[in-house]
Amino acid sequence: RRKERNKIAKLYYRYGSMYCGKSLELYKVYDNYKRQGKQTICVVPSTAGEIKSKVNDLKVPAVVVAEWADISLVVGKYLPDCVLVDEAQFLTKDQVLQLVRIVDVFDIPVIAYGLKNTYKNTLFNGSHWLLIYADRIEEIKTICYYCDCKATMVLRFKDGVVTYDGPDISLKDEEGIEYFPVCRRCYAAGGSSKVSKTEEVAYCE
């Protein structure tokens, strides 16, 4: 009979489309640990800059890490009760493996939040490796900007016009760039699909 492991920490990847409340969910976990007198370390890739909920501007103190930074070295100095990661889609493969080390060696749970796919419907690099290595994968759901179906994709607008071209990652607050969560059908229609509620439900279920 195999010997059971004593470790209980896990690597969680919680993903969702734009405006599904990923950062808000992270804040709730952070606040819960804080109220219990437990320590968390919040990490955000330098590409994103800071943890800030798009819902109500809640902010969480965070360590901003560059692509070359070793997250496990930062965490190893403090050995917190939990590690939270926002905008995890921007992590490198090495940094995802560092999260694995934090879980497996330090026995510290890691909860990462991020987008799964780009507006071109390719996996972000960080998401690709998190989907492979995470112990638990959970979806944070939201609805399509144009209909009542579940949003699984993102539409990119530049100066009010849908675009499927350009870099996967745009500079933060780049002028004229907007993103909206959409279902597969509205993505294909460029946000201009005109279907009845009955058709929408039949299609998405």
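Observations
- For the range 20-138, the dipole from Cβ point charges (+1 on Lys and Arg, -1 on Asp and Glu) about the Cα centre works out to 280 debye, to the nearest 20.
- Of LYS38/LYS141; LYS77/LYS141; LYS10/LYS116; LYS77/LYS150; LYS28/LYS158, those spanning more than 30 Å from alpha-carbon to alpha-carbon: LYS77/LYS141; LYS77/LYS150; LYS28/LYS158
- Taken over the range 90-129, the percentage of Cα pairs per 5 Å bin, counting from 0 up to the bin with the maximum distance, is 6, 25, 26, 21, 12, 7, 3, 1.
- Separation in nanometres of the label points that stand 7 Å from Cα toward Cβ, at LEU97 and ASP31: 3.8
- By accessible area with a 1.4 Å probe, ligands and nucleic acids excluded, highest first: order of THR118, THR152: THR152, THR118
- For the range 17-143: rounded, prolate or oblate by the Cα gyration tensor [a/c cutoff 1.5]: oblate
- If you take all other residues with their beta carbon under 10 Å from the beta carbon of PRO45, and give Lys and Arg +1 and Asp and Glu -1, the sum is -3.
The values are calculated or read from the model by the stated rules, or taken from the named source; none is laboratory data. Not measured: the values here are computed from a predicted model. For neighbour counting, all protein chains shown are included, and Cβ atoms are generated from backbone atoms with ideal geometry for every residue, glycine included. Accessible surface areas use protein heavy atoms only, side chains included; no ligands, DNA or RNA. Shrake-Rupley method; radii C 1.70, N 1.55, O 1.52, S 1.80 Å.
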